[in-house]
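Undergrad: Dropping a structure here in structure tokens format, bear with me for questions.
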Amino acid sequence: MKVDTLSLLFLLSVSLLSVLLLSQKRKTKQADLYKLPPGPKPFPIVGNLLQLGPISHPHITFTSLSKKYGPIFSLQLGQVTTIIISSRECAKQLFQNHDLALAGRHEPDAARAAADLEKIFRWG
């Protein structure tokens, strides 16, 4: 019985280690493809989700991150890389100069589902 527990524990640790190594290798390939703005170093699997602080006050976390990394910084939210623009001037310049590149970006499934819910349910 003890041997089965040890072999299961060994198999679990090897599996976890391989997942972490593969995710790290994928991140280095992704970083080579895209020149991302600076940002905090993400944790494996969850990214920077644990560093965002209380869910009710994300603006405080973003303000402190913008003081440390500048007006444009990147966060890894789970498996999704997110670029945060925290100054009005940078956002205005981005939308004026790169409007065509931003027009074709992917619409998240959650936004599409919320729009469908508004069509199905009438509030008020």
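The values are calculated or read from the model by the stated rules, or taken from the named source; none is laboratory data. Model, not experiment: these values are computed from the prediction. Glycine gets a Cβ as well: all are built from the backbone with ideal geometry, and neighbour counts include every protein chain shown.
Undergrad: Considering each of 7, 23 in turn, give the residue that is modelled with pLDDT under 80 and farther than 25 Å from residue 93 by Cα.
TA: On the way: 7 fails: modelled with pLDDT under 80.
Every option except 23 fails the conditions.
Undergrad: Starting from the range 102-124, take each residue that is within 22 Å of residue 84 (Cβ to Cβ) and list its partners that are modelled with pLDDT of 70 or more and not in a helix (DSSP H, G or I), counting only C-beta distances under 9 angstrom and pairs at least six apart or across chains.
TA: Cβ pairs passing all conditions: 108/80.
Undergrad: Of all the residues that make up the range 31-61, how many are over 30 Å from residue 19 (Cβ atoms) and not aliphatic (A, V, I, L, M)?
TA: Restricting attention to the range 31-61, the residues satisfying the condition of being over 30 Å from residue 19 (Cβ atoms) are 56-57, 59-60.
In the following step, the residues that additionally are not aliphatic (A, V, I, L, M) were identified as 56-57, 59.
Residues in the range 31-61 being over 30 Å from residue 19 (Cβ atoms) and not aliphatic (A, V, I, L, M): 3 in total.
Undergrad: Keeping to the range 77-108, report how many residues are under 18 Å from the mean Cα position of the chain (by Cα) and of a type in the set (Gly, Ala, Ser).
TA: 2
Undergrad: Please return the ranges of helices (runs of 4 or more DSSP H) entirely within the range 30-124 where 1 or more residues are at pLDDT below 90 and among the acidic types (Asp, Glu). Spell out how you get there, then give the answer.
TA: Numbers: elements: 58-69, 88-97, 99-103, 109-120.
Qualifying helices (runs of 4 or more DSSP H): 99-103, 109-120.
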